[in-house]
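These notes are about the structure you will find just below.
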Amino acid sequence: MQDWIEVFHSDNTLVAQLKARLLEQHGLTPILRNENLAALVGMGGIGLPCRVFVPSIQAEKASKILLRSQGPTLVASIEAPEYCPHCNAPWEVGFALCWKCEQEPY
Ligand SMILES: [Zn+2]
């Protein structure tokens, strides 16, 4: 019998599904569990607590992958200036290009 380890849980089923998808992309075999799985079918299951399990031998790899997936997204992690160095327009945080002159900040 295989041991399953919980590596992630969320109040939002969609988030849990995305994490499980991420683990699958890394070659792991996660499963989603919810106490009322049968009741979710046909309801979308969004917004309900959900847990992600992996086989115990994959737990260490899974936790590393999930740890890396946390934190700011790629776009948000770009260091943005306060003003565009090219046209001096106020910089819209979260954008990689100036909204006005469409140039990169550096
Ligand atoms: Zn600009």
Listed peptides 91-104, 7-20, 54-67 by packing density, highest first (mean Cβ within 10 Å): 7-20, 54-67, 91-104
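Grab the other residues whose beta carbon is less than 11 angstrom from that of Cys84, score K and R as +1, D and E as -1, and report the net.
-3
Count charges around Glu6 for me, please; just the other residues with Cβ under 10 Å from its Cβ, Lys/Arg as +1, Asp/Glu as -1.
Values: positive: Arg33, Arg51; negative: none.
Around Glu6, the charge tally is +2.
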- prompt: Summing Lys, Arg as +1 and Asp, Glu as -1, what charge do residues with Cβ under 14 Å from the Cβ of Lys19 carry, Lys19 excluded?
  reply: +3
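Rule-based calculations on the coordinates, nothing more; no lab input. Every value quoted in this text rests on a predicted model; they were computed, and no experiment measured them. So basically every Cβ, Gly included, is an ideal-geometry build from the backbone, and we count neighbours across all protein chains shown.
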